[in-house]
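Below is one structure; the comments refer to it alone.
Rule-based calculations on the coordinates, nothing more; no lab input. If you're wondering where the values come from, they're calculated on a predicted model, not measured in any experiment. Every residue, glycine among them, receives a Cβ derived from its backbone with ideal geometry; neighbour counts consider all protein chains shown.
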Amino acid sequence: MQLSFHEEQNRARYQFWTPEWAAIELVDRFFPDLKPTDLVLEPSCGLGAFLKAIPADVPAIGVEIDPFVSEQCRENTGRRVITGDFISIALPEGITVAVGNPPFSVPLIQSFLHRLVAVELVAPRRVDSSTPFSPS
C-alpha cells in the first residue's frame, strides 16, 4: 500500500487523529466544570477533535505544527489555531486548562510536559518522577 505525502508526514510526526467521539467522552468525563472564564489549550490539535469537544461558550485555542492540518482544524472548529511547534511558540496568557492527545513519542511527551510546567499548567510535583514522562 502506497501512502500519500500527507500520510507519510503524519506517520513521521506520530500524528494519529483522536476520534471526535473519544474527545467528547474525555472532555465530558475529566473536564465537566469548564467555564467561560477558562482558556483551554490543545497543544497538538490535529484536525480539532478536542477543540470541537470543548463547549462553545468556553474559549479554546489549538496549536498545530503542520500548516495544512492547522488550516483544516480552523475550518473544522471555527477556533483560533496557532501554527507552530508547541515547544517553542509564544503562547497567550491566561491559559487555565490543557487537554489533548500528544504525538506518541516519549521524548515529545516529555517536551510537552516540560513546556506545560514552564507555563505553570502542570506542577512539577504532580507528575510522578518515577515515570519516563517526568518533567524534572
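Provide the gained length on full extension for the span residue 118 to residue 68, in nm with one decimal, where the gain is 0.36 nm per separating residue minus the Cα-Cα distance.
Working: separation 50, 0.36 × 50 = 18.00 nm, distance 2.79 nm.
Roughly 15.2 nm would be gained on extension.
With θ taken as phi - 60° and the coefficients 6.51, -1.76 and 1.60, list the Karplus ³J(HN,Hα) couplings across segment 33-39 in order, rounded to whole Hz; mark glycine and proline as x.
For segment 33-39, the Karplus curve yields 9, 4, 10, x, 8, 7, 10 Hz.
Taking the Cβ-Cβ separation of residue 24 and residue 89 as r and a Förster radius of 22 Å, what is the calculated FRET efficiency to the nearest 0.05?
Details: r = 27 Å, r/R0 = 1.22.
Efficiency for this residue pair is about 0.25.
Around residue 81, which amide H atoms from residues at least 5 apart in sequence, or from another chain, sit under 5 Å from its own amide H, with H modelled in the peptide plane?
Residues meeting the amide H criterion: 62.
Could you sort the peptides 70-79, 92-101 by per-residue average Cβ neighbour count (10 Å cutoff), highest mean leading? Mind dumping the intermediate values first?
Numbers: 70-79: 17.6, 92-101: 15.7.
Ranking the peptides 70-79, 92-101 by packing returns 70-79, 92-101.
How would you rank 89, 61, going from fewest to most other Cβ atoms within 10 Å of each one's own Cβ?
Details: 89 13, 61 18.
Sorted ascending by nearby Cβ count, the order is 89, 61.
Which values of log₁₀ I(q)/I(0), to two decimal places, follow from the Debye formula for segment 21-91 at q = 0.13, 0.17, 0.20 Å⁻¹ with a uniform point scatterer at every Cα?
Ignoring solvent entirely, the Cα scatterers give -0.33, -0.57, -0.77.
Find how many whole Å separate the alpha carbon centroid of segment 56-97 from the alpha carbon centroid of segment 31-53.
Between the Cα centres of segment 31-53 and segment 56-97 lies a distance of 10 Å.
Using a 7 Å offset from the Cα along the Cα-to-Cβ direction at both residue 57 and residue 39, what is the distance between the two label points in nm, to one decimal?
A separation of 2.1 nm, rounded to one decimal place.
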